[in-house]
Amino acid sequence: MPRIEARAAERLQGHPAAQIFAVSPTDPQLFEQAWQQGMLWVITSEHELAGYLMAGVLEADFHIQQMDVAPEHGRKGLGRALLRHALEQGRARGHQRAVLSTLSDVAWNAPFYASEGFREWPSPDWSAGMREVMAAEAAAGFPMELRLAMQRALE
């Protein structure tokens, strides 16, 4: 998963957030914790790991923390299948809403999530948990003018 994360981040070369992703990879222990909590899903293509989605719980919400697909497996519907599966798992766990933060100006970020029913979550309406997420991202150096919180109902 760290290799997929690094390869996916390479697609952001030249983007203002690229350096932040490059210097702050996910701690492998977080992958292990998410796996043990049943909050990490993977997808394969031709017998190799192609992508993953790691989630958590943010207050009462199902929180999509990170999703990456290896570039060579992109644009095949694998990320969409992975997201749909994870959202179904969130619904089965009793969550009423899914939330995430993402880049607003990258086609495979906010526009992709919008195509799956996510809508912009205006900052005045953020939960305390999302405020903490966004504050942590700002502290890490993300260009916050390009960050967007999104939400969708899990019906």
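All of (1) open to solvent by 30 Å² or more (accessible area, probe 1.4 Å); (2) touching a helix residue (DSSP H, G or I) at 6+ places or on another chain (Cβ under 9 Å); (3) of a type in the set (A, V, I, L, M); (4) without any contact (Cβ under 8 Å) to a residue 40 or more places away in the chain hold for MET134 with one exception: (1).
Considering (1) in contact with a Phe, Trp or Tyr (Cβ under 6 Å, 6 or more places away or on another chain); (2) without any contact (Cβ under 8 Å) to a residue 24 or more places away in the chain, the lone condition that MET150 does not fulfil carries the number (2).
The numbered conditions (1) assigned to a loop (DSSP other than H, G, I, E, B); (2) open to solvent by less than 50 Å² (accessible area, probe 1.4 Å) are all true for GLY129 except (1).
Out of VAL133, VAL106, VAL99, one residue alone is at pLDDT below 95 and of a type outside the set (Asp, Glu). It is VAL106.
Annotation note: of ASP61, ASP125, the sole residue that is at pLDDT 95 or above, touching a strand residue (DSSP E or B) at 6+ places or on another chain (Cβ under 6 Å) and at negative phi is ASP61. In the stretch 42-81, the residue that is farthest from MET1 (Cα to Cα) out of those that are part of a strand (DSSP E or B), open to solvent by less than 70 Å² (accessible area, probe 1.4 Å) and without any contact (Cβ under 8 Å) to a residue 24 or more places away in the chain is GLY56.
The values are calculated or read from the model by the stated rules, or taken from the named source; none is laboratory data. What you are looking at is a predicted structure, and each value in this text was computed from that prediction instead of being measured. No Cβ is skipped: glycine too gets one built from the backbone with ideal geometry, and neighbour counts run over all protein chains shown. Each accessible area value is taken on the protein alone, full model and side chains, heavy atoms only, with ligands, DNA and RNA left out. Shrake-Rupley method; radii C 1.70, N 1.55, O 1.52, S 1.80 Å.
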